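A short worksheet on the structure shown next.
Nothing in this text is a laboratory measurement; each read-out follows from the coordinates by a stated rule. Predicted model only: the values in this text are computed from it and were never measured. Please note: Cβ atoms are built from the backbone with ideal geometry, for glycine as well, and neighbour counts cover all protein chains shown.
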Amino acid sequence: MIDHSKITDSDLRNKIKNAEICFGGNRKLKIYGMLKCSSGKRMKRQNRVFFLSEKEAKQNGFRPCGHCIKTEYQNWKMDLFNPHTDENTNLLPKEGTVNYYGKLFSREDSNQYLDILLNTIEWKNDEAIIFGKLILTKRKVAWYGDSGFEYTYSNTTKKALPWTKELLELKKIIEEKTGETFNSCLLNLYHSGEEGMAWHSDAEKDLKKNGAIGSVSFGAERKFAFKHKQTKETVSLILEHGSLLVMKDETQTHWLHRLPPTKTTSKPRVNLTFRTIVG
Ligand SMILES: O=C(O)CCC(=O)C(=O)O
């Protein structure tokens, strides 16, 4: 790491020319970025440092700049939110089980599923009856299942549509991966980060008690959070494009979950929750 205040301007020019300096950083903020980054230009000389490589910057405890090296920044943020856990780690500290399997599908397959789901599912605005008034959400939903199952939530009853080819394909993959079985799927379409879902639990009487719910996400990566009903402690993670999250055991009894709205994306996201309805 080289301090800007300890070298002359001609030294600096030479080191850049000889590729001995390739990245700049802010010592106070502990952020590194490209030499041409506009955020770097505004900095005081005594705060500016230089690095040969990103590796050197990271070894010194610097994180990537969100403006000029977006991909590295996204990866850094993801690591921060999704600590390196595997599908056997329970993300909840007590009274429930949540396992995050990470990305199950390649980027290409995930893009293809997103495209197919956006175009083949019978999306409808969700309906809820709140204080006797019919409310239509901006978010769209669809309900698919084995044989015309009915499912009641938010005081409205939905009848399941017959499985599409891709939904059956996804159901099989999730069943094989988790060792669980499912007979229905609720799909949600969030057109942009402005749309989300408020705190709730999936504990309707039609759902198998303590049964597993397999949640598959395609599209924009979004934060997903859990809140304990009594202690209010929270757990959150980022649901990635093509990923699987499983909630089971007493999770719905003791924890609420939500998808908070965000200004950080305007891209769509589709979420599928594979469930077991009891007849
Ligand atoms: O979109 C999501 O990830 C969450 C969906 C959800 O909470 C639900 O279907 O109950």
**In Hz, Karplus ³J(HN,Hα) per residue of the range 104-118 (6.51, -1.76, 1.60; θ = phi - 60°; x = Gly, Pro)** = 8, 10, 5, 4, 4, 5, 5, 4, 5, 4, 4, 4, 5, 5, 4
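Quick check on my link table: of 30/248; 133/209; 172/232; 124/209; 44/223, which ones sit more than 32 Å apart, alpha carbon to alpha carbon? Intermediate values should be presented prior to the final figure.
Numbers: 30/248 40 Å; 133/209 29 Å; 172/232 35 Å; 124/209 27 Å; 44/223 35 Å.
The pairs that break the limit, which is 32 Å between Cα atoms, are 30/248; 172/232; 44/223.
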**Prompt:** Can you list the aspartates and glutamates whose alpha carbon is less than 13 Å from that of residue 94, not counting same-chain residues fewer than 8 positions off?
**Reply:** 233, 249, 250
**Request:** Take the range 2-71, compute every pairwise Cα distance, and split them into 5 Å bins from 0; I just need the percent in each bin.
**Result:** 3, 19, 31, 28, 14, 3, 0
**Message:** Quick check: the distance between the Cα centres of the range 233-279 and the range 24-72, to the nearest angstrom?
**Reply:** 34
**Dipole magnitude of the chain about its Cα centre (Cβ charges: Lys, Arg +1; Asp, Glu -1), debye to nearest 20** = 1660
**Prompt:** Sorted by average packing, counted as other Cβ atoms within 10 angstrom per residue and highest first, what order do 259-269, 8-18 take?
**Reply:** 259-269, 8-18
**Request:** Would you please give the residues with an amide H less than 5 Å from that of residue 184, counting only those at least 5 places away or on a separate chain, with H modeled from the backbone geometry?
**Result:** 275, 277
**Message:** No partner Cβ under 4.7 angstrom, meaning no disulfide-compatible partner by this rule: which Cys of the chain qualify?
**Reply:** 22, 65, 185
**Positive-end residue, the range 113-213 charge dipole about Cα centroid, Cβ charges, pick of 116, 151, 196** = 151
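Suppose every K and R has +1 on its Cβ and every D and E has -1 on its Cβ; what is the size of the dipole of the range 83-236 about the Cα centre, in Debye to the nearest 20? List each step's numbers first, then the result.
Values: 22 positive and 23 negative charges, 110 e Å.
The dipole of the range 83-236 has a size of about 540 debye.
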**Prompt:** So what's the projected area for the chain, the Cα convex hull averaged over all directions, in nm²?
**Reply:** 18.0
